[in-house]
Structures are given as C-alpha cells and as structure tokens.
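Below is one structure, written out as structure tokens, with a few remarks after it.
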Amino acid sequence: MIIVLKKEATEEQIRHIMDTIRSWDLTPNLSRGTERSIIGVIGDERTIRGRPLEAFPGVDHVMTVLKPYKLASAEFRAERTVVRLPPVRAGEAPVAVGGRDVVVVAGPCSVENRDMLFEMAVFLKKAGVRLLRAGAFKPRTSPYAFQGLGVEGLRYLAEVRKEVGLPIITEVMDPRDVEMVGEVADVLQIGARNTQNFNLLKAVGRSSKPALLKRGISGTIEELLMSAEYILNEGNAGVILCERGIRTFEKATRNTLDVSAVPVVKKESHLPIMVDPSHGTGRWDLVAPMSLAAVAAGADGIMVEVHPNPEEALSDGAQALLPKTFEKLMESLRAVAAAVGRSV
Ligand code: PEP
Ligand code: MN
C-alpha cells in the first residue's frame, strides 16, 4: 500500500498518519521527494483494507502495490536511489552510483598477490576507474580450482585501498564473514551463486556497507528484486543491482547478457543497476561492445575484469582485458556516455 501525500501536507499530519499506521501493527516507510512524498506501508495489508485513509488530512491518494517486492519497487520511493560512498582519503572525489556519472568498476577477477593488485590499482585509478574489484573469497565451480587467498587477500585489499585511495568492492560468500569483509570493503559483493542465499542477504542487510547484488545464474528479474527486498528489509538502503548474464541454450558465450534487464529494472525499481559484461559473455573480445551497449541502455555503471597477463590469470583469464585494451574502452565509454547525457 502506498499513500501519496499532498504537496502541502504538514509535519504534524504526516506524523499522525505514521502513528496511526503503527497502531495497526504495520510499518510506515516515509520517502521524501522534491515533487511528492510518499508513505509506503509494509505488513499484512488486510489490516488496512476498509480504513478510510483518504480521510486523513494531508493524504492525496492511496494505491495498492501488486508487486511481490515493495521496498525495491519504483512506486515505493519518491526518487531514485543514489548509493553514495564516502571518499577513501580526504580530497578524493566521492563515488555516487545511480547519479549522472556512469561508475566504472574494474580489476582482476581474484586477488592473486599484493604486487599485481597494487600495479592494477595504480593503473586503473589513473585510467578513471572509481572502484577497484577483486575477489579474496572466490566461488568456484570446481573445488580443485583456485579458491582465492581469503583473509590474506583481504589484507592486500585493505593495504592497496589505503595506499592508492581507491574504494574496494569484493565478494562475501558466508554470512559469518560479513563483518570482517565489511571492515575492508566499501561495497559488499553478493555473487550470482548466492543471490538466493537468504541468510547471507539478511546478514548483508544488517551491515552498514552498501551491497552489489548480482543477478542469479538462472534468476529472473523479479527474483533479483525479491533478493534486494531481503537486504532492504533489514535496513540497508544501499543496494546496487548487477546484471551479469543468465544461463540460456546459447553456447557462443559463457552466459547470455540480458541488456534489456537495465531498462526493465529502471522501470520496476528505484535501485541503481550496473552491468558486468565480463561474466556476462566470458569472452574478452565481447567486453567492450557489451559495455557500450550497457551504457547506451542506461546502466549506472559497468564492472569489468582487467589483468596484466590474462594468459597466466588464476581465474577467468579468457574474459580479462589487457590494460591497454581497457584504456581504449574507457575512451569509447566516455563518448557513449556523453551521447546519452551522462559522464564517465
Ligand atoms: C565475480 O564477479 O568475481 C564473480 C564471481 O561473478 P559472478 O558471481 O557474477 O559469477
Ligand atoms: Mn571472475
């Protein structure tokens, strides 16, 4: 249920509506916007049916939300969500995901060692990257494949973050690790294999760090938004969605990158959405064209894997861009972003 308030609704009228909703054992969620403010109501809506909400002073009209997700739905918030990251060091520009800037996230698939991570971070920062990605905990299909450096990898991420001044996004796989990973990460990544790990979603929902929530390997957009709902419902409003390709019958690519998920999500939800064309295609030669397509489609950011020597990468070498190819991509991204009224 959504209560749209009159533009001239007073603070006292809003308070009275909120208190009354609470007295019905429902949770009111006030969202203020410049054009309109709304109160979303969470809970068993049967309690509210038949109550003359339109009779309350300050109420303009009342709408029912038919979608299974509420906190994540576009109707539930007066304005689009912008996830803001405080600067890592004084003087650095803050990062805002969901605003005018298209935020470029890049880095190796995994933290392999300190030197390579440092080298990549320095290069990527110079190239205009706003967030460094690299996994310390790696969800691998095979138990025999490189599993990530774990805690040691986190330590390198913390050092590089501080020395280079780039915010970090890294994956958390276990609800018990959320606090520890959150001490290093500026954004907690939830991988495609964990999109419906509900205990992990709830734990991240209790963290003060924003989340990057990837679409499940065979997940629908509705399922993605329901997973976001778990995080939002625990009180964490900083959710960035990420399209990373889905499993289809097509074999030419590792996954089928669903670029249409971008405009669909923008219509259905107020949350920002990024695109990961590296996992989305599994092929380095397709990363640039699909990055450009993502920005043209309205993505708020892209996340790309870059490696100084893909032939020797410990994970996902086939989809990693060489630094010089990445530089060229940045140039094209700037042009496409400008064409759609945004900047990189
Ligand atoms: C990753 O970004 O490192 C990753 C493992 O991606 P995904 O969860 O989308 O497969
Ligand atoms: Mn990877």
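The values are calculated or read from the model by the stated rules, or taken from the named source; none is laboratory data. Not measured: the values here are computed from a predicted model. When we count neighbours, we look across all protein chains shown, and the Cβ atoms used for this are built from the backbone with ideal geometry, even at glycine. Just so you know, the surface numbers come from the protein's heavy atoms only, side chains and all, with ligands and any DNA or RNA stripped out. Shrake-Rupley method; radii C 1.70, N 1.55, O 1.52, S 1.80 Å.
Couple of notes before you dig in:
- As a summary of the residue check, Thr195 satisfies the conditions (1) under 20 Å from Asn113 (Cα atoms); (2) free of Cβ contacts under 8 Å to residues at least 40 places away in the same chain; (3) within 16 Å of ligand 2 (Cβ to nearest atom); (4) within 18 Å of the chain's Cα centre (by Cα) except for the one numbered (1).
- Just one of the listed residues (Gly205, Gly235) is more than 30 Å from Leu286 (Cβ to Cβ) and open to solvent by less than 10 Å² (accessible area, probe 1.4 Å), and it is Gly205.
- Matching option when the condition is more than 16 Å from ligand 2 (Cβ to nearest atom) and within 22 Å of Asn255 (Cβ to Cβ), among Leu154, Leu200: Leu200
- The stretch 238-272, residues that are out of contact with any Gly (no Cβ under 8 Å at 6 or more places or on another chain), free of Cβ contacts under 8 Å to residues at least 40 places away in the same chain and open to solvent by less than 10 Å² (accessible area, probe 1.4 Å): Leu241
- Filter result (within 16 Å of ligand 1 (Cβ to nearest atom) and not aliphatic (A, V, I, L, M)) within the stretch 96-119: Gly107, Pro108, Cys109, Ser110, Glu112
- Selected residue (only one of Phe118, Phe56, Phe137, Phe146 is in contact with a Ser or Thr (Cβ under 7 Å, 6 or more places away or on another chain) and either touching a residue at least 24 places away in the same chain (Cβ under 8 Å) or more than 16 Å from ligand 2 (Cβ to nearest atom) (or both)): Phe146
- Extreme residue, most open to solvent (accessible area, probe 1.4 Å), among residues of the stretch 1-41 that are of a type in the set (Gly, Ala, Ser) and not in a strand (DSSP E or B): Ser23
- Residues in the stretch 300-336 that are under 23 Å from the mean Cα position of the chain (by Cα), part of a loop (DSSP other than H, G, I, E, B) and more than 15 Å from ligand 1 (Cβ to nearest atom): Asp300 alone.
- Subset tally (residues that are within 23 Å of the chain's Cα centre (by Cα) and either within 15 Å of ligand 2 (Cβ to nearest atom) or among the aliphatic types (A, V, I, L, M) (or both)) for the stretch 121-134: 8
- Boolean, Ser291 is crowded, with 23+ Cβ neighbours inside 10 Å, at pLDDT 95 or above and out of contact with any Lys or Arg (no Cβ under 7 Å at 6 or more places or on another chain): yes
- Pairs meeting the criteria (first residue in the stretch 317-344 and of a type in the set (Asp, Glu), second residue in a helix (DSSP H, G or I), beta carbons under 7 Å, at least 6 apart or on different chains) are Glu327/Ala127.
- Filter result for Leu271 (more than 16 Å from ligand 1 (Cβ to nearest atom), of a type in the set (A, V, I, L, M, F, W, C) and not in a helix (DSSP H, G or I)): yes
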